[in-house]
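**Q** One structure, as structure tokens, below. Some questions next.
The values are calculated or read from the model by the stated rules, or taken from the named source; none is laboratory data. Note that this is a predicted model, so its numbers are computed, not measured. Using ideal geometry, Cβ is built from the backbone for each residue, glycine included, and neighbour counts are taken over all protein chains shown. Areas reflect the complete protein model, heavy atoms only, side chains present, ligands, DNA and RNA absent. Shrake-Rupley method; radii C 1.70, N 1.55, O 1.52, S 1.80 Å.
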Amino acid sequence: EACGEGSEAVAREGPLRVLVVDDGAGSRTTVKAVLMRENHKVDVAKNGEEALKKVSKALFDVAIINAVLPGMSGGDTAASIREAESSAGTRPMYIIGATSSSDQVDECIAKGMDTTLAKPLKSEELLEKLSHLAAPAGQEVVRNAVKPVREESSGGGEQGLDGDGKTPATPRMVPKCPARILIVEDHWANRKLIEAMLLQKGHILDCVENGKEAVTMTSAVEYDLVLMDCNMPIMDGWQATETIRQRRGLNVSVPIVAVTANAMKGDRDKCIQAGMDDYISKPVDRKTLYEIIDKWTMVPAGGESPQPSSPTR
């Protein structure tokens, strides 16, 4: 189905705010990365219940919902979203169902979704639908084609988002530099160490000492990335991340990287569940830190970057 054939879909100017709902961590991460490289603002949920909580606290332009979810199905999630929109009188979001059978397509449309895409999702098809939504009225969007993010398949090889191993011709992606980064760390020595490493790369930095200060800063300043310590006084990193993710306004979808001394799988899972996108272990390794920053701040080559300014300490 062509984008725009849904009940009330309209074009929105600028980047879209997109909610990706999928119980597969790999799928969520892959789709999020593809959309963020198009400068869309992305949040994720692993099931219908979590998606409804996020929708109740933030306005989204688009939801991409897997048809099959644990507990509440993708169709039922869409139906609940439509009911909430009707009750609140809010602008309907455009809902795309990710399906793997014709029966799922029928259910998704019957439950209020605007269109569907077959799984595995093809990046070009997904971005084409979103490009129409993001077009200013009467204008055609010229969109940057992006290279599908690649992830390891179960067979040990690599598979693109398209699922066919083929990579379309795309512009080169480069790390944004300078990037504006918020360092959240209560330990003075650790904070100064990370700050020194990033200043060597020319990044623009702000530094705070606890989660409460991080929540305040992210409500006022737009960041490209947040480095978040987990164990801090007043408000820890997990609480701060949950607060940032659940509110409206700036930095709802900013990449947040946990900086943690705990390398256990359970601790890493706790970071992801709180809404963090990645993690790095203490003591912080310079090479690993640079790789993490590069990974989450990629932009098309030749794009404009802000001029560096004096860091805030």
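**Q** Out of residues 5 or more away from Met298 or on other chains, whose amide H comes under 5 Å of its own, with H placed 1.01 Å from N in the peptide plane?
**A** Result for Met298 returns Lys176.
**Q** What whole-number value in Å² describes the accessible area per residue of region 211-253 for a 1.4 Å probe?
**A** 41
**Q** Ok, one more. Given H placed 1.01 Å from N in the peptide plane, which residues other than close sequence neighbours of Lys119 have an amide H under 5 Å from its amide H?
**A** Result for Lys119 returns Thr99, Ser100.
**Q** Under a crude label model (7 Å from the Cα following the beta-carbon direction), how far is Ser102 from Met173 in nanometres?
**A** 3.6
**Q** On to the next question. Would you mind counting up the charge near Leu289? Only other residues with Cβ under 12 Å from its Cβ, with Lys and Arg at +1 and Asp and Glu at -1. Each step should come with its number before you reach the end.
**A** Details: positive: Lys201, Lys282, Arg286, Lys287, Lys295; negative: Glu195, Asp278, Asp285, Glu291, Asp294.
Once positives and negatives cancel, what remains is 0.
**Q** Let me ask something else about it. Give the long-range amide H neighbours of Ala258: residues separated by 5 or more places, or on another chain, with amide H under 5 Å away, using H modelled in the peptide plane at 1.01 Å from N.
**A** Residues meeting the criterion, in which the H sits 1.01 Å from N, are Met228, Asp277, Asp278, Tyr279, Ile280.
**Q** Between Ile234 and Glu49, 0.36 nm times their residue separation minus their Cα-Cα distance comes to what?
**A** That pair, Ile234 and Glu49, stretches by 63.7 nm at full extension.
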